[in-house]
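Asks: Would you mind keeping the following structure in view while I ask a few things?
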Number of protein chains: 4
Amino acid sequence: MVIDCRRTFWIFTLAGSLLMMPAAAAQNKPRARGLGVPFDGTPGDLNAITDVKGIEVGHVTLISGDGKLEVGKGPVRTGVTAILPRGKTSADPVFAGWFSLNGNGEMTGTTWIEESGFLEGPVLITNTHSVGTVRDATIAWLLKRKLMHQAFALPVVAETWDGYLNDSNGFHVKEKHALEALEGAKGGTVAEGNVGGGTGMTCFEFKGGIGTASRKLTKEQGGYTVGVLVQANFGVRHQLRIAGVPVGEEIQEGTFRPKEAGSIIVVVATDAPLLPHQLKRLARRVSLGLGRVGSVAGNGSGDIFVAFSTANAGAATKDGKNAQLTMLSNEKITPLFDATVQATEESIVNALVAAETMTGRDGHKVLALPHDRLREVLKKYNRLAEKK
Amino acid sequence: MVIDCRRTFWIFTLAGSLLMMPAAAAQNKPRARGLGVPFDGTPGDLNAITDVKGIEVGHVTLISGDGKLEVGKGPVRTGVTAILPRGKTSADPVFAGWFSLNGNGEMTGTTWIEESGFLEGPVLITNTHSVGTVRDATIAWLLKRKLMHQAFALPVVAETWDGYLNDSNGFHVKEKHALEALEGAKGGTVAEGNVGGGTGMTCFEFKGGIGTASRKLTKEQGGYTVGVLVQANFGVRHQLRIAGVPVGEEIQEGTFRPKEAGSIIVVVATDAPLLPHQLKRLARRVSLGLGRVGSVAGNGSGDIFVAFSTANAGAATKDGKNAQLTMLSNEKITPLFDATVQATEESIVNALVAAETMTGRDGHKVLALPHDRLREVLKKYNRLAEKK
Amino acid sequence: MVIDCRRTFWIFTLAGSLLMMPAAAAQNKPRARGLGVPFDGTPGDLNAITDVKGIEVGHVTLISGDGKLEVGKGPVRTGVTAILPRGKTSADPVFAGWFSLNGNGEMTGTTWIEESGFLEGPVLITNTHSVGTVRDATIAWLLKRKLMHQAFALPVVAETWDGYLNDSNGFHVKEKHALEALEGAKGGTVAEGNVGGGTGMTCFEFKGGIGTASRKLTKEQGGYTVGVLVQANFGVRHQLRIAGVPVGEEIQEGTFRPKEAGSIIVVVATDAPLLPHQLKRLARRVSLGLGRVGSVAGNGSGDIFVAFSTANAGAATKDGKNAQLTMLSNEKITPLFDATVQATEESIVNALVAAETMTGRDGHKVLALPHDRLREVLKKYNRLAEKK
Amino acid sequence: MVIDCRRTFWIFTLAGSLLMMPAAAAQNKPRARGLGVPFDGTPGDLNAITDVKGIEVGHVTLISGDGKLEVGKGPVRTGVTAILPRGKTSADPVFAGWFSLNGNGEMTGTTWIEESGFLEGPVLITNTHSVGTVRDATIAWLLKRKLMHQAFALPVVAETWDGYLNDSNGFHVKEKHALEALEGAKGGTVAEGNVGGGTGMTCFEFKGGIGTASRKLTKEQGGYTVGVLVQANFGVRHQLRIAGVPVGEEIQEGTFRPKEAGSIIVVVATDAPLLPHQLKRLARRVSLGLGRVGSVAGNGSGDIFVAFSTANAGAATKDGKNAQLTMLSNEKITPLFDATVQATEESIVNALVAAETMTGRDGHKVLALPHDRLREVLKKYNRLAEKK
């Protein structure tokens, strides 16, 4: 099913007076490995961040208006994505770490992650100019849900810039949208492409947005799962490599950027019992996944990554008692690095595969990565896998 | 709406019936060295961050309501402070660096400072739960004033928590307040104490808030100025040292905290031609000033510091041209470290001296540091200087 | 000529005519609180880093020659100090973190501490130009003792510069000296002042060197111990504050530095169950202790700090198994910050009190802090405590 | 006995049965692009770090003994590589920055690079257990050459571990070898493969070692050059991707590692006028080049990178005067990121292509990447370029 974004609007809400797309339909869309893109490693059941038990993801997608940009009116191509490490009812922090490959972007709350080792609440992703609204809305939500870990909250909200398609100076994301993304979060399949915070994003001059993937380690490796979710909004065309193949050089249609720009936010989740300093190591590996798809993390990029572990529940004792923890041996951590690199690479390609052509402000049109052409190019370079 | 600042008032209200206190009156309030507190080094003319040419500071102070806390209604004891490195009309970024001594707090925009070396716009300080509103409001202001350096903005907004006096979960700071703080910014004397972002803050269990000081280097040292502005909201009483004297052990009245809590935001400005990595060095020295007044930067503290230089105007060329810069030799930087440590120490004491007793939510009353008692204690320890 | 501190003497000579002092006598030397310097907090039994159970300290002190500097011949005023977190027979790493307040110095091995969270072996401190020799010697010692945790070792060796008194370009520290410092390490009383790596150091233009102190938390706080050992070699006279008193301004005799120079290495040890990211927090608090004694961490300073915890033995499992750990709640960490700040301050003053006047190369003579004058100044400022 | 690589041969043995290879022959060895490996971007004349004007590189290669390991006797397969930013006669520091992707390794001197923004001297690379010897030897060399910038030196010495082939616990690198590497440094062609610090290294379970490459920006981009030199010692076979092609999966002969291990040191040089914080950005991009060849930066890796700029000569004024600098606009920096990523990728492949099969201790034999097989695999995936 395809939404013609140029007309009217396409908004997904819980409350409902809008157009809703059946999840089943969404799930019929092919994903990257379904098209025959070869990847290393073994994904989890959903090949999504939600393969890490307990994680919930919610999207609010705002699409309305057409034509010439009128600041404050539209067109609107934006949204909010919320990732809840322990779902909507737990106030239990998770161990976390973060890394900035190129900091032309914002991720609030990182100073406290770095200091405390904990992520105390959800991670939200939106457009650059809505970070503040979403941040304070998250506090309101934590208060309402009674999920504050301290007397105050320092929410983690990140962004990429959707101003090529969206009226990004119009501040269209409101408090209610953040609340809806949070309340609408759920486990299971995660919508990809033009949804949530990824709605108006572009990637290697194709339409980008939200992508996700996961890896499941072998029993010998501990059986842990690593899940990744990206909001992909970076790259110029010629850089794009998929499965090592120079796809960007082969498919030149529809380029529009005179120079490198854009950003990527990456959320890495695992159930492996990693301490904060180990999670920073995971966050740093995201760079290697970006390297595989051809990124150079240009000056304009906000390439900021956060990693958390759902293990060690209760580590942030509230009564001041010592916590009893499990820590993965550093000697066993390399497979988690593998998993992070692989799932990052696949998440980005999944975002590209899922996103659909969109026309936004001032008639700016960004093409979807054409699936057939992708398969042709992979075949040319002898890298087309069997469809799965 | 009621303000009992006990003696005087300089108040802004939501409803608009402003009471303004003449600046002259404000200036009659003694400052720390006026009371005979001895400090090292030579201050600038105003002994304020505005001694660094071009810097403007604006405060919006919100005080209303009384009695029992009703979330969303009040009492309100909060505000916004804006520091503009090059005033209200320049879009020219300044070189900057930052440091977190203890990161239980928020300063947005630091990731881009770290990456680019630039602070692209003002620094704002408010309460913890209003950072988002103030951040997005700053973007709106930059857009309106046409001061955006990139196609998007990543404003620097910091906070400390005023929930002991203020209805901090009531989100009383609105976009307009941030805009007013920005538009109201000016050079010259800087109001201290219960103003702006510092309105509801406490420090060593005395009333805290905004404080400022400066140091002027000798001609041989380059003649540069270092200015500091703090939003002081940290410390338990017994820790307080003023001019090395154990004031906190001597004055025990009015303590209310069972354990260390609170935060401090520090802004360091200079006209010395420092590069970004040198400004990080300045930011790191703030810790030494905090050490002098007795801080241990407890777990609950958001002790986050940013330093910038107004020298090297035009360094952020917009046309991609190489910039021609001046860099202070590292061999000459130590006097700037001295100045930063000294001005940090004095700014904190100035905040304590300027702040007035305040009663906030639920009848919480925080006493001002009693000037006469301070002088007695200094005298007891043979550290009372001549009044200046 | 090398002195083995394990045995009975402690030797200082200008011209080769050795003066031997029985260890017992050495222990009769007063320490700072014995002179009536008031400090906050409660020390452990020894008021030394060795109050943390299991820690061993060894010094090798090299003093020989007199008169004019002949590079490679002397005079020699240098040495090596070794701190062994778990003594000489354990290969079990300890959790660790580090911080550089001003990085004009060297501490090898920090990159692996930062990455792994572990300190795998001892910490050694020597003069700037002997770090390499001591580093490789430490590997040899680990090999001989079969204490390697990995197939290779990345030892932690730090330094300060003793070139004002010592022939520091003469490379007088040899492999054997490092081995002796390691082998000679023991628990119990720690020699202070002109010993080990601190032999030729100066501090606030007085003779400096090694100092140590500790703090014991109350049972309610967990009963943990924090121990600190410093190699103090920093500061210009006028900056010196002891117990908040401007001692440096009062005692002006014997100054020799035209400008700020020098460094301090600080080792913080605790038995509290802190994770690596929490130990970084401890390391960062050292700055606050330095602030109390008047440091501004000048450009020439190598102010580098490492903190480790002897708790969680076995955390670095060698078989790749998950480790079971205990973590102190962040909510209980502030007393450990207090302890770190206090013990840092006292260690530095202990170094000053213990060090004795020394004449080194080219007749450079550095005076000991005169104990009687110190007491007079403390009395003048009403800060002289009862002798303990 | 040491062989001067500039002249005729490149093998050194203690025991004497030398294999000599004419330098000319060495230069006839194909490099990666000569074999038809396609790379992005345009290299400089030499496709080496020495394309950045003024840079000199020296290698000392130690190869002797055979058969069973006898610690201290051999077999020896190690060496030292020296990179001199401004040659052997200049004491003028260069701006620099560094980054650790995975810190299971050592690079001394980084704390001062981070603090001061300068690299004050050469960069040396050797084996893990010889870092100390090489470090102090570098000080001796700086003293002898009168190249000390401060009264003391904090040399930058890095390492990877060659213990699979070399008697790495035998400490075979002596002071004289470091001095020879420094004195032997020169511009022009840089020997690659089994030379200098790279002598005993392995990479993706092929023989590894030293590799280099460069990129020349277009005139419009500023015409700057970026040169990279790597000591490559990382990776397990199946990870290896060359030009995006899964070479490691295709060539399975001669694998020997049960799990990921090893390290890579990368030196990035440029003549673009970058400030220290901009050079850190370059250093961070090395990760993306590593991502392209398949690295996951496993737990055992010491992946540490340093970047410096030869522009802005005289920036480290010795008289304390302000320096006049040129800074590249951040808006123009992305092509330098491209260049860094590309040259890192190519340097690693160059190391693999240049290195020759080596048998070391205990008969451990590591195969060279077979050139013909590489070409076959590239051809299979339609990625074989014309030979150049």
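Asks: So which residues in the stretch C:300-310 are touching a Pro at 6+ places or on another chain (Cβ under 7 Å) and either surrounded by 24 or more Cβ atoms within 10 Å (Cβ to Cβ) or free of Cβ contacts under 8 Å to residues at least 60 places away in the same chain (or both)?
Replies: Of everything in the stretch C:300-310, those that are touching a Pro at 6+ places or on another chain (Cβ under 7 Å) and either surrounded by 24 or more Cβ atoms within 10 Å (Cβ to Cβ) or free of Cβ contacts under 8 Å to residues at least 60 places away in the same chain (or both) turn out to be C:PHE308, C:SER309.
Asks: Between residues in the stretch D:174-185 that are among the small types (Gly, Ala, Ser) and residues that are at pLDDT 95 or above and surrounded by fewer than 21 Cβ atoms within 10 Å (Cβ to Cβ), which pairs lie under 8 Å by C-beta distance while being six or more apart or on different chains?
Replies: Once the first residue is among the small types (Gly, Ala, Ser) and sits in the stretch D:174-185, its partners that are at pLDDT 95 or above and surrounded by fewer than 21 Cβ atoms within 10 Å (Cβ to Cβ) give D:ALA185/D:GLY87; D:ALA185/D:LYS88.
Asks: Suppose we filter the stretch D:229-259 for residues that are at the interface with another protein chain (Cβ under 9 Å from one of its Cβ atoms) and in contact with a Phe, Trp or Tyr (Cβ under 6 Å, 6 or more places away or on another chain); how many remain?
Replies: Matching residues across the stretch D:229-259 total 1.
Asks: Moving on to the next point. Sort through C:ARG77, C:ARG135, C:ARG86 and tell me the only one that's basic (Lys, Arg) and surrounded by fewer than 24 Cβ atoms within 10 Å (Cβ to Cβ).
Replies: C:ARG86
Asks: While we're on this one: Name every residue in the stretch B:256-291 that is open to solvent by 10 Å² or more (accessible area, probe 1.4 Å), at pLDDT 95 or above and touching a helix residue (DSSP H, G or I) at 6+ places or on another chain (Cβ under 6 Å), in order of residue number.
Replies: B:HIS277
Residues are listed down the side, and each one gets a yes or a no for (1) under 24 Å from C:THR199 (Cα atoms); (2) at the interface with chain D (Cβ under 7 Å from one of its Cβ atoms); (3) not hydrophobic (A, V, I, L, M, F, W, C):
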residue	(1), (2), (3)
C:THR108	yes, yes, yes
C:GLY132	yes, yes, yes
C:LYS146	no, no, yes
C:VAL156	yes, no, no
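Asks: Now a separate question. Condition test on B:ASN102, is it away from chain A (no Cβ under 14 Å) and either open to solvent by less than 10 Å² (accessible area, probe 1.4 Å) or in contact with a strand residue (DSSP E or B) (Cβ under 7 Å, 6 or more places away or on another chain) (or both)?
Replies: no
Asks: OK, next. Quick one: is D:ALA354 away from every other protein chain (no Cβ under 12 Å), out of contact with any Phe, Trp or Tyr (no Cβ under 6 Å at 6 or more places or on another chain) and on the phi < 0 side of the Ramachandran plot?
Replies: yes
Asks: The conditions are (1) touching a residue at least 40 places away in the same chain (Cβ under 8 Å); (2) farther than 17 Å from D:PHE256 by Cβ, and D:ASP372 fails exactly one of them. Which is it?
Replies: D:ASP372 satisfies all of (1) touching a residue at least 40 places away in the same chain (Cβ under 8 Å); (2) farther than 17 Å from D:PHE256 by Cβ except (1).
Asks: Looking only at residues in the stretch C:374-388 that are within 12 Å of C:ILE251 (Cα to Cα) and open to solvent by 60 Å² or more (accessible area, probe 1.4 Å), which one is nearest to the chain's Cα centre (by Cα)?
Replies: Across the stretch C:374-388, the extreme among qualifying residues is C:ARG375.
Asks: I'm trying to understand the selection: among the residues of the stretch C:71-92, which are under 30 Å from C:THR357 (Cβ atoms) and within 14 Å of another protein chain (Cβ to nearest Cβ)?
Replies: Hits for the stretch C:71-92 are C:VAL71, C:GLY72, C:THR78, C:VAL80.
Asks: Out of all the residues in the stretch D:271-315, which are assigned to a strand (DSSP E or B) and within 11 Å of another protein chain (Cβ to nearest Cβ)?
Replies: D:GLY302, D:ASP303, D:ILE304
Asks: Still on this structure, please answer the following. Residues B:GLN342, B:GLN324: which one is over 21 Å from D:GLU115 (Cβ atoms), away from chain C (no Cβ under 14 Å) and either out of contact with any Cys (no Cβ under 6 Å at 6 or more places or on another chain) or not small (Gly, Ala, Ser) (or both)?
Replies: B:GLN324
Asks: Which residues, taken from the stretch A:377-388, are free of Cβ contacts under 8 Å to residues at least 24 places away in the same chain and either more than 14 Å from chain D (Cβ to nearest Cβ) or assigned to a helix (DSSP H, G or I) (or both)?
Replies: A:LYS379
Asks: On the given criteria, is C:TYR224 open to solvent by 10 Å² or more (accessible area, probe 1.4 Å), more than 14 Å from chain B (Cβ to nearest Cβ), farther than 21 Å from C:THR340 by Cα and touching a strand residue (DSSP E or B) at 6+ places or on another chain (Cβ under 7 Å)?
Replies: no
Every residue, every condition in (1) touching a Leu at 6+ places or on another chain (Cβ under 6 Å); (2) of a type in the set (Ser, Thr, Tyr); (3) more than 24 Å from A:TRP112 (Cα to Cα), yes or no:
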| position | (1), (2), (3) |
| --- | --- |
| A:PRO276 | no, no, no |
| A:ARG292 | no, no, yes |
| A:GLY298 | no, no, yes |
| A:SER329 | no, yes, yes |
| A:PRO335 | yes, no, yes |
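Asks: Would you tally the residues in the stretch A:335-388 being closer than 15 Å to A:GLY289 by Cβ and of a type in the set (Ser, Thr, Tyr)?
Replies: Looking only at that region, the number is 3.
Asks: Assess whether A:PHE152 counts as being in contact (Cβ under 8 Å) with a residue 60 or more places away in the chain, at the interface with chain B (Cβ under 10 Å from one of its Cβ atoms) and open to solvent by 20 Å² or more (accessible area, probe 1.4 Å).
Replies: Answer is no for this residue.
Asks: Got a number for residues in the stretch B:322-366 being open to solvent by 10 Å² or more (accessible area, probe 1.4 Å) and assigned to a loop (DSSP other than H, G, I, E, B)?
Replies: Adding up the residues that qualify gives 4.
Asks: Another question, if that's okay. Quick one: is D:LEU240 closer than 29 Å to D:GLU386 by Cα and in contact (Cβ under 8 Å) with a residue 40 or more places away in the chain?
Replies: Criteria met by D:LEU240.
Asks: Can I ask one more? Condition check: touching a residue at least 40 places away in the same chain (Cβ under 8 Å), more than 7 Å from every other protein chain (Cβ to nearest Cβ), open to solvent by 10 Å² or more (accessible area, probe 1.4 Å) and not aliphatic (A, V, I, L, M). Does A:PHE95 satisfy that?
Replies: no
Asks: Among the residues of the stretch D:122-144, is there at least one that is assigned to a loop (DSSP other than H, G, I, E, B), in contact with a strand residue (DSSP E or B) (Cβ under 7 Å, 6 or more places away or on another chain) and not polar (S, T, N, Q)?
Replies: Among the residues of the stretch D:122-144, at least one is assigned to a loop (DSSP other than H, G, I, E, B), in contact with a strand residue (DSSP E or B) (Cβ under 7 Å, 6 or more places away or on another chain) and not polar (S, T, N, Q), which makes the answer yes.
Asks: Does B:VAL173 fit the bill of being under 28 Å from A:LYS144 (Cβ atoms), buried (at least 24 other Cβ atoms within 10 Å of the Cβ) and facing chain A (nearest Cβ under 8 Å)?
Replies: Spelling it out, it is not the case that B:VAL173 is under 28 Å from A:LYS144 (Cβ atoms), buried (at least 24 other Cβ atoms within 10 Å of the Cβ) and facing chain A (nearest Cβ under 8 Å).
Each row is one residue, and each column tells you yes or no for (1) in a strand (DSSP E or B); (2) in contact (Cβ under 8 Å) with a residue 24 or more places away in the chain.
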{"residue": "C:GLY188", "(1), (2)": "no, yes"}
{"residue": "C:ILE210", "(1), (2)": "yes, yes"}
{"residue": "C:GLN221", "(1), (2)": "no, yes"}
{"residue": "C:GLY227", "(1), (2)": "yes, yes"}
{"residue": "C:VAL230", "(1), (2)": "yes, yes"}
{"residue": "C:PRO258", "(1), (2)": "no, no"}
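The values are calculated or read from the model by the stated rules, or taken from the named source; none is laboratory data. None of these values were measured; they are calculated from a predicted model. Neighbour counts run over all protein chains shown; Cβ positions are idealised from the backbone, glycine included. Please note that ligands, DNA and RNA were not included when accessible areas were found on the heavy atoms of the full protein model with its side chains. Shrake-Rupley method; radii C 1.70, N 1.55, O 1.52, S 1.80 Å.
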